[in-house]
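Read through the structure below, which is laid out as structure tokens, and then see the notes.
The values are calculated or read from the model by the stated rules, or taken from the named source; none is laboratory data. What you see is a predicted model, and the numbers here were worked out from it, not measured in a lab. Heads up, the Cβs are rebuilt from the backbone with ideal geometry, glycines too, and the neighbour counts pull from every protein chain shown.
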Amino acid sequence: MRIFLVGMMGSGKSTIGKRVSEVLDLQFIDMDEEIERREGRSVRRIFEEDGEEYFRLKEKELLRELVERDNVVVATGGGVVIDPENRELLKKEKTLFLYAPPEVLMERVTTENRPLLREGKERIREIWEKRKQFYAEFRRIDTSKLNEWETTALVVLEALDEKEISTIEKPHLVKIILGGFKRVRNEELVFTTERVEKIYGRYLPENRLLFPDGEEVKTLEHVSRAYYELVRMDFPRGKTIAGVGGGALTDFTGFVASTFKRGVGLSFYPTTLLAQVDASVGGKNAIDFAGVKNVVGTFRMPDYVIIDPTVTLSMDEGRFEEGVVEAFKMTILSGRGVELFDEPEKIEKRNLKVLSEMVKISVEEKARIVMEDPYDMGLRHALNLGHTLGHVYEMLEGVPHGIAVAWGIEKETMYLYRKGIVPKETMRWIVEKVKQIVPIPVPSVDVEKARNLILNDKKILKGSRVRLPYVKEIGKIEFLEVDPLELLEVVD
């Protein structure tokens with residue numbers, strides 16, 4: 001694979017190119033830096049000593065070399081598109097134009113080592129006017145309202161051809177496909193969020209309804225609005241609603257689709273790592289009511305789910321790690337893929353090969369569990385690993401769900417080690433990996449408040465006993481009924 005990035009100075013070619021290379025395990029080459037290395041002098045000096053024509057000649061020679069290489073991501077110089085022969089070469093490659101308006105570029109750039117800006121940043125407008133017709137010959141990504149990870153996700157998605165990673169037939173169809181998100185443009189109706197539209201709007205069909213991001217969407221008010229819109233468009237039972245977003249949006253879409261006209265077609269395109277490894281698989285749909293999370297819901301399997309790990313690249317810091325926690329949970333439940341967590345730097349850099357394997361293992365393990373226990377009566381409780389104390393941390397500390405579950409896994413494992421149930425080596429390994437994923441120290445909480453929360457948890461059995469799932473050995477899940485007061489020994 002070869003990916004070339006073109007664009008004005010300040011458009012982010014080098015920054016994004018480096019991230020893309022790490023995501024895809026490709027070599028990164030900055031053409032300006034490579035010319036400087038070969039010449040033994042800066043671009044500014046080359047311009048001053050030999051002129052721009054000499055520099056453009058060296059640029060052209062280097063481009064001819066690079067189009068013959070493989071497995072590279074190339075950040076081209078801003079002026080490479082001026083030459084028509086260069087443009088013809090680039091048109092034969094996966095070339096993307098990173099766009100930002102001149103006013104944004106002027107905020108981003110410095111004049112250091114930029115010979116074309118000797119007279120000041122205002123010259124960017126003049127340069128843009130001369131080059132914009134050439135840039136327009138390539139697929140454009142507007143970076144002006146996107147952060148670095150969002151831009152990286154779009155570059156990778158545009159560059160990738162579809163590659164199927166896995167197909168799971170039961171309990172419902174799930175396809176894990178790199179580049180598969182682009183199939184969403186063929187859906188009949190999409191429910192999505194404002195953030196998803198901002199990043200991926202180019203792939204969405206015209207027939208779409210926007211809802212708020214996050215848990216805010218899971219209310220009767222938004223359900224009523226969805227019903228109203230569906231009635232207004234006379235949406236028939238034979239058509240499908242596609243939920244495109246994170247876990248809250250897929251929960252909401254599943255609830256609406258399973259109740260409107262006693263059930264219409266339903267599909268998911270989960271866009272967060274947490275939704276891909278958990279919420280989009282298994283057929284549990286719900287909304288919140290009277291301050292209680294997921295208290296009104298249905299069991300309704302989607303007709304199909306298209307999971308593309310590529311779109312998780314656009315996630316914010318913190319939210320991404322939440323999904324890693326859930327994938328880690330599924331890994332230790334299944335006993336598969338534990339070696340993925342021996343390379344934390346690959347996870348941190350969102351390496352797509354590692355992400356794809358994490359998603360594949362998680363989805364296959366959840367599908368297996370759901371097949372055995374579709375209505376959450378027994379084995380499916382294993383998915384609550386870390387959730388008993390995790391719920392306490394989430395409510396009392398106000399941290400995101402995934403962070404709270406990480407702390408819950410750590411503390412519940414330590415409690416069971418103290419009880420002599422979990423072996424020392426298992427406890428140490430789990431705690432070490434959790435701390436790598438979420439390095440934030442676990443806080444102490446008010447024991448009495450924690451006790452009240454646990455006793456009102458929906459997972460508590462009669463007689464105030466907690467049915468606690470735990471990993472005795474990696475890949476071996478067991479359950480233990482414990483007194484919640486004893487469990488609180490590790491939270492203060």
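Among the residues of the range 224-254, how many are in contact (Cβ under 8 Å) with a residue 40 or more places away in the chain and buried (at least 23 other Cβ atoms within 10 Å of the Cβ)? Result for the range 224-254: 11.
Among the candidates E103, E126, E65, E53, the residue that is within 26 Å of E22 (Cα to Cα) and assigned to a helix (DSSP H, G or I) is uniquely E65.
Of the listed requirements (1) free of Cβ contacts under 8 Å to residues at least 12 places away in the same chain; (2) outside any helix (DSSP H, G or I); (3) within 16 Å of D32 (Cβ to Cβ), L98 misses just one: (1).
Of the set (1) within 29 Å of N147 (Cα to Cα); (2) of a type outside the set (A, V, I, L, M, F, W, C); (3) touching a helix residue (DSSP H, G or I) at 6+ places or on another chain (Cβ under 8 Å), all apply to T95 but (3). Would the range 371-384 turn up any residue that is under 26 Å from G318 (Cα atoms), in contact (Cβ under 8 Å) with a residue 24 or more places away in the chain and within 23 Å of the chain's Cα centre (by Cα)? Yes, the range 371-384 contains at least one residue that is under 26 Å from G318 (Cα atoms), in contact (Cβ under 8 Å) with a residue 24 or more places away in the chain and within 23 Å of the chain's Cα centre (by Cα). Quick one: would you say G40 is on the phi > 0 side of the Ramachandran plot, modelled with pLDDT of 95 or more and in the same structural domain as N147 (by TED's automatic domain parsing)? Against the criterion (on the phi > 0 side of the Ramachandran plot, modelled with pLDDT of 95 or more and in the same structural domain as N147 (by TED's automatic domain parsing)), G40 qualifies. Within the range 176-194, the only residue that satisfies the criterion of being crowded, with 18+ Cβ neighbours inside 10 Å, among the charged types (D, E, K, R) and not in a loop (DSSP other than H, G, I, E, B) is K182.
Yes/no per residue for (1) at pLDDT below 95; (2) within 23 Å of K293 (Cα to Cα); (3) under 18 Å from the mean Cα position of the chain (by Cα):
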| position | (1), (2), (3) |
| --- | --- |
| N186 | no, no, no |
| L189 | no, no, no |
| G201 | no, no, yes |
| E215 | yes, yes, yes |
| E229 | no, no, no |
| M233 | no, no, no |
| R237 | yes, no, no |
| A248 | yes, yes, yes |
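In contact with a Phe, Trp or Tyr (Cβ under 6 Å, 6 or more places away or on another chain), hydrophobic (A, V, I, L, M, F, W, C) and in the same structural domain as I35 (by TED's automatic domain parsing) - does that describe any residue in the range 83-97? Yes: the range 83-97 contains one or more residues that are in contact with a Phe, Trp or Tyr (Cβ under 6 Å, 6 or more places away or on another chain), hydrophobic (A, V, I, L, M, F, W, C) and in the same structural domain as I35 (by TED's automatic domain parsing).
Residues checked against (1) in the same structural domain as L154 (by TED's automatic domain parsing); (2) charged (D, E, K, R); (3) in contact with a Leu (Cβ under 6 Å, 6 or more places away or on another chain):
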residue	(1), (2), (3)
L178	no, no, yes
K198	no, yes, no
E215	no, yes, no
L273	no, no, no
S280	no, no, no
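Quick check: is even one residue across the range 422-444 at pLDDT 85 or above, under 29 Å from E215 (Cβ atoms), part of a helix (DSSP H, G or I) and of a type in the set (D, E, K, R)? Scanning the range 422-444 turns up at least one residue that is at pLDDT 85 or above, under 29 Å from E215 (Cβ atoms), part of a helix (DSSP H, G or I) and of a type in the set (D, E, K, R). You will find that of L116, L154, the residue that is modelled with pLDDT under 90 and assigned to a helix (DSSP H, G or I) is L116 and no other. V305 meets all of the listed conditions (1) surrounded by 24 or more Cβ atoms within 10 Å (Cβ to Cβ); (2) of a type outside the set (S, T, Y); (3) at pLDDT below 95; (4) not in a helix (DSSP H, G or I) but one, namely (3).
Picking from V196, V217, which residue would you name as being of a type in the set (A, V, I, L, M) and touching a helix residue (DSSP H, G or I) at 6+ places or on another chain (Cβ under 6 Å)? The unique qualifying residue is V217.
So the check is Cβ under 9 Å with 6+ separation or different chains; which pairs have a first residue in the range 61-75 that's polar (S, T, N, Q) and a second one that's surrounded by fewer than 18 Cβ atoms within 10 Å (Cβ to Cβ)? Every condition considered, the pairs that remain are N71/M1; N71/D25; N71/Q27.
Taken as a whole, the range 68-90 holds no residue that is closer than 15 Å to F4 by Cα, surrounded by 13 or more Cβ atoms within 10 Å (Cβ to Cβ), of a type in the set (D, E) and at pLDDT 95 or above.
Here K121 meets the list (1) in contact with a Ser or Thr (Cβ under 7 Å, 6 or more places away or on another chain); (2) farther than 26 Å from L57 by Cα almost entirely, failing just condition (2).
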